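A short reminder: the numbers here are calculations on the coordinates, not readings from a lab. All values derive from a computational prediction rather than experimental measurement. Using ideal geometry, Cβ is built from the backbone for each residue, glycine included, and neighbour counts are taken over all protein chains shown.
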Amino acid sequence: PPRPRPPAAPRAGGRGVGGVLTTMSTSATIEARNQDATCYVGQCEERVTEELLWELFLNAGPVASVFMPKDKVAGRHQGYGFVEFKDENDAEYAIKILNMTKLFGKPIRVNKSAQDRRQLEVGANL
């Protein structure tokens, strides 16, 4: 029988209602993410944190999770992240109101998650 995998180390996902810190493993974030309710956030300045994105995107609606992939060597984020909302309509609203918002003087890009675009491009155009 297959051996069970050890649990992934928890990581900070952000602060939810009442300041409760949410945790989620990286693999769980990617596997469990609702792609239709997830926004890609790009061109993030170095000082942007998951907590800052959480607070900013709360203006568009209830946030389920925030994930910014980190460089394994330097330990810094790679300039982009993903914000998952609890509802698809909130994700669309966030794109409308937060795209090109300046954080630390640099405009961020807010789009639908790239997974959505990849799924649309699969198949032949007949």
Taking 0.36 nm per residue of sequence separation and subtracting the Cα-Cα distance, how much length would be gained by fully extending the chain between Glu51 and Ala32, in nm to one decimal? 4.8 nm
Order 59-72, 94-107 from most to least packed using the mean count of other Cβ atoms within 10 Å. 59-72, 94-107
Those lysines that a straight Cα-Cα span of less than 28 Å connects to Lys96, excepting residues fewer than 8 apart in one chain: Lys70, Lys86, Lys106, Lys112
Distance (nanometres) between label positions extended 7 Å along Cα→Cβ at Lys72 and Ile95: 3.2
Within the set of other residues whose C-beta is less than 11 Å from the C-beta of Phe104, count the net charge using Lys and Arg as +1 and Asp and Glu as -1. +1
